[in-house]
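Q: Attaching a single structure in structure tokens format; questions to follow.
The values are calculated or read from the model by the stated rules, or taken from the named source; none is laboratory data. A quick note: this is a predicted structure, and the numbers were derived from the prediction, not measured. Quick reminder, even Gly has a Cβ in these numbers, built from the backbone with ideal geometry, and neighbours come from all protein chains shown. Note: accessible area is taken over every heavy atom of the protein model, side chains too, but ligands, DNA and RNA are not part of it. Shrake-Rupley method; radii C 1.70, N 1.55, O 1.52, S 1.80 Å.
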Amino acid sequence: MQKFERQQGLVAPLDRANVDTDLIIPKQFLKSIQRSGFGVNLFDELRYLDEGQPGQDCSQRPLNPDFVLNQARYQGASVLLARRNFGCGSSREHAPWALADFGFRVVIAPSFADIFYNNAFKNGILLITLPEEAVGRLFREVEASEGYRLDVDLEQQRITTPGGEILEFAVDAFRKHCLLEGLDDIGITLQDEDAIRAFEEKHRAARPWLFRQAG
Amino acid sequence: MAGQTLYDKLWSQHLVKERDDGTALIYIDRHLLHEVTSPQAFEGLRLAGRKPWRLDANLATPDHNVPTTVVERARGNAGIQDPVSLIQVQTLDDNCEAFGIEEFKINDARQGIVHVVGPEQGATLPGMTVVCGDSHTATHGAFAALAHGIGTSEVEHVLATQCLLAQKMKNMLVRVEGELGLGVTAKDIVLAVIGEIGTAGGTGYAIEFAGSAIRGLSMEGRMTVCNMAIEAGARVGLIAVDDTTIDYLKDRPYAPSAAQREAAVADWRGLVSDEDAAFDKVVELDAAAIEPQVTWGTSPEMVTGVSGEVPDPEAEADATVKSGYQRALEYMGLAPRQKITDIKLDKVFIGSCTNSRIEDLREAAKVAKGKKVADSVQLAMVVPGSGLVKRQAEAEGLDKIFVEAGFEWREPGCSMCLAMNADKLGAGEHCASTSNRNFEGRQGYGGRTHLVSPAMAAAAAIAGHFVDVRTLESNRAAQEA
Ligand code: SF4
């Protein structure tokens, strides 16, 4: 996993609650057996005026001029500002793959769906939960000033606005550690191999039917 | 000390290790796989030179991409027209073969939607932890199994370590007491719960469904309820073990052998919340007050009773809710205060891991029997959840009832639930669907989905618009009797 570096990120506002994973990456793109290349289809149905197909050259497709990520001022954004319950719906990890591939390193919202939350951190994306009114304020500031950037410092768990306001955020210690170090958590878990084996043996002895194969 | 909830018990029975950083290592008993979320996980294993930890914990079947017409299916994988879908199904076959994982392939009678297949085989048992790279894994919680969806990185993690890194959730109790009205089903209960608490209401919680109305449901109905816990924001839905659970599991292929059964059943009896268990949140619903439900918008929480109407966004005080409603009505092509029963349907889909089990098909068939699908409905399809459900339905003659009424009778798979195969809605088409998500574009680009129960879907197919199943002759007669 890519290490998380401190961001001086351009912010793009997506003003809509309950953004689901079908919206982040529509199902026709889940047919890929790769992990990369989903960025061009991020928010496909909002971004383009036609229906996208997997493997298609997206540079020729008609863009929706009203969609925020198509506006010139938000090109190169690495921080996505969103509304409540972002990432609800399916467990598709293609959603964070698409966000990361597009260039987003941080998503800020009042709340996130559980499975998406897990998936994002495993792909080097920092999700920051802030109170609804703080998010509302950021939306107003972003929309009011072009080139609005946030300084996102994971080490200090702190966001600094261009106006110098400091917003602290919470993140659990393990996720923070993995993100900062770019760690693969399978490797970390396998350090506990002996504990897993010991548990498995005890578990099998207590409930052998859980290990049974079809008769 | 307060007693334990069912979730607390399942958690502690699988706790390998608690770590200082607040995460825990949880042992996984059953891992279900399908073609969409597994290829990158197998690839990751290969790249790292790792092997699956315990092969017999895994069970795979292709479901999302498989075609559902008889002609295509007769040709096995070769019948998959879309080359990209074909690669995905073929990749699952190849990976299962290479790593030695049991798979029910496309034309195996046991193939089907992974959440129908697991319980049907007895591969989902009370007291298990069950995971799958699919959010509707919550379904398996109907068996008092701790079951939830995971992402592809976690699929790889489970394959490699037989464990997951997890954090304990909070406990929520949803109690539904009383008797359901005639024609009101498990689907209506869960839609009503989502309407009550919202699609983020369960975020961070494991929801246990309890109360007499839940106890009164069959296992099929309980699976429908737990299936949609995720639409209420909860990764986990749970129902305690009782006789219904134990009876359902008898003689299923993966269920305990005769020699193990007594000990297993004794163990399962303990899989209930203690009477003095403390829940972080409790929600109560009166079963008798639940009407047949219909969603009118683009989120499962945008739902109302069949006798209701589409809301008026202008009446909403919260700006985010108001703009959400406006956007939904525009997408759905509906007017404020339009009556639900005035919504006309272009297509009808009976299927998906929410409602494609034998009981669902029986309920739909009861409504369709001797009737005809309305001329204005272009396509009404019934897609059984597995090859075994299909076989059972045919043995009961349900396929004939559907076909005579003008429904298409298909081969098992996810089908138009998410339209990854050829079954999809056209732009602007309204569909009465027994699936679980009405998101924009979910059932096809520009498609308009209304989530309902199987009986409501069948009744809508026949009338061409939504009707209250409680007013149908069959139900009226039963009520008067
Ligand atoms: S039936 Fe629908 S919700 Fe269920 S697993 Fe398939 S695609 Fe997902």
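Q: Could you give the accessible area per residue of chain B, probe 1.4 Å, as a whole number in Å²?
A: Heavy-atom SASA per residue in chain B reads 32 Å².
Q: Among the listed pairs B:Lys347/B:Lys424; B:Lys281/B:Lys322; B:Lys250/B:Lys369; A:Lys176/B:Lys168; A:Lys27/B:Lys344; B:Lys105/B:Lys347, which are separated by more than 20 Å between their Cα atoms?
A: Where the Cα-Cα span goes over 20 Å, the pairs concerned are B:Lys281/B:Lys322; B:Lys250/B:Lys369; A:Lys27/B:Lys344; B:Lys105/B:Lys347.
Q: Going toward the positive end of the dipole of the protein assembly as shown, with +1 on Lys and Arg Cβ and -1 on Asp and Glu Cβ, which of B:Gly428, A:Gln56, B:Thr91 do you reach last?
A: Of the options given, the answer is B:Thr91.
Q: Let me ask another. Can you give the accessible area per residue of the stretch A:6-211, in Å², using a 1.4 Å probe?
A: 39 Å²
Q: How far apart, in nm, are two points set 7 Å out from the Cα along the Cα-to-Cβ line at A:Leu190 and at B:Ser212?
A: Modelled inter-label distance: 5.6 nm.
Q: Between A:Gln157 and B:Gln90, take the C-beta separation as r, use R0 = 60 Å, and let me know the FRET efficiency to the nearest 0.05.
A: 0.85
Q: Where does the Debye-calculated log10 I(q)/I(0) of the stretch A:6-211 sit at q = 0.11, 0.13, 0.16 Å⁻¹, using only Cα point scatterers of equal weight, no solvent?
A: Here log10 of I(q) over I(0) equals -0.58, -0.76, -1.06.
Q: Right, here's the next one. I'd like the projected area of the protein assembly as shown, averaged over all directions, using the convex hull of its alpha carbons. Report it in nm² with one decimal.
A: It is 29.2 nm².
Q: Of the candidates A:Phe67, A:Phe116, A:Phe43, which one comes out as most mobile in a Gaussian network treatment of chain A with C-alpha springs shorter than 10 Å?
A: Looking only at A:Phe67, A:Phe116, A:Phe43, the biggest GNM fluctuation is shown by A:Phe67.
Q: A follow-up question, please. Considering the alpha-carbon set of the stretch B:341-481 alone, what are its Rg and its Dmax in angstrom?
A: Final numbers for Rg and Dmax: 14.0, 46 Å.
Q: Moving to a separate point now. Quick one: which bits of the stretch B:395-440 get at least 40 Å² less accessible when the partner protein chains are in, versus the chain alone, with a 1.4 Å probe?
A: Hits at the 40 Å² cut-off: B:Met420, B:Phe439, B:Glu440.
Q: Using a 1.4 Å probe over the heavy atoms of the protein chains, calculate the carbon and sulfur portion of the accessible area of the protein assembly as shown as a whole percent.
A: Whole-percent figure for carbon plus sulfur exposure: 48.
Q: Still on this structure: In a GNM of chain A with a 10 Å cut-off on Cα contacts, which of A:Ser90, A:Ser111, A:Ser145 has the highest mean-square fluctuation?
A: Checking each option, the largest mean-square fluctuation is seen for A:Ser145.
Q: In nm², what is the average projected area of the convex hull enclosing the Cα atoms of chain B?
A: Value for chain B: 23.6 nm².
Q: Moving to a separate point now. Which whole-Hz ³J(HN,Hα) couplings does the stretch B:388-402 yield from phi under the Karplus relation 6.51 cos²θ - 1.76 cosθ + 1.60, θ = phi - 60°, glycine and proline marked x?
A: Result, rounded to whole Hz: 6, 5, 4, 4, 4, 4, 5, 5, 8, x, 5, 4, 5, 4, 5.
Q: How large is the helix-only mean residue ellipticity at 222 nm for chain B, computed as the sum of -39500 (n - 2.57) over DSSP H runs with n ≥ 4, divided by its residue count, in deg cm²/dmol to the nearest 500?
A: Mean residue ellipticity, 222 nm, calculated: -9500 deg cm²/dmol.
Q: Name the residues of the stretch B:150-195, by number, that are at least 20 Å² less accessible with every protein chain in place than in the isolated chain; the surface is that of heavy atoms, probe 1.4 Å, without ligands or nucleic acids.
A: B:Gly151, B:Thr152, B:Ser153, B:Glu154, B:Glu156, B:His157, B:Thr161, B:Leu165, B:Gln167
Q: Looking only at the stretch B:205-236, which residues have a backbone nitrogen under 16 Å from a spot 7 Å from the Cα of B:Glu177 in the C-beta direction?
A: Within reach of a label on B:Glu177: B:209-216.
Q: Using a simple charge model, +1 on the beta-carbon of Lys and Arg, -1 on the beta-carbon of Asp and Glu, nothing else, what dipole does the stretch A:6-211 show about its Cα centre, in debye to the nearest 20?
A: 220 debye
Q: Anything losing 20 Å² or more of accessible area from the isolated chain to the full protein assembly: pick those residues out of the stretch B:46-64, probe 1.4 Å, ligands and DNA/RNA ignored.
A: B:Arg50, B:Trp53, B:Arg54, B:Asp56
Q: Computed on protein heavy atoms with a 1.4 Å probe, what is the summed buried accessible area for the chain pair A and B, in Å² to the nearest 100?
A: Counting protein atoms only, the buried area is about 6200 Å².
Q: What spacing in nm lies between the two simple spin-label points modelled at B:Thr69 and A:Gln60, each 7 Å away from Cα in the Cβ direction?
A: Reported label-point gap for B:Thr69 and A:Gln60 is 2.8 nm.
Q: Under a 5 Å amide H to amide H cut-off, with H placed in plane at 1.01 Å, what residues pair with B:Val16 once short-range neighbours are removed?
A: B:Leu25, B:Ile26, B:Tyr27
Q: Looking at the calculated P(r) for the stretch A:22-81, what percent of the C-alpha pair distances fall above 19 Å?
A: So the pairs more than 19 Å apart make up 29 percent of the total in the stretch A:22-81.
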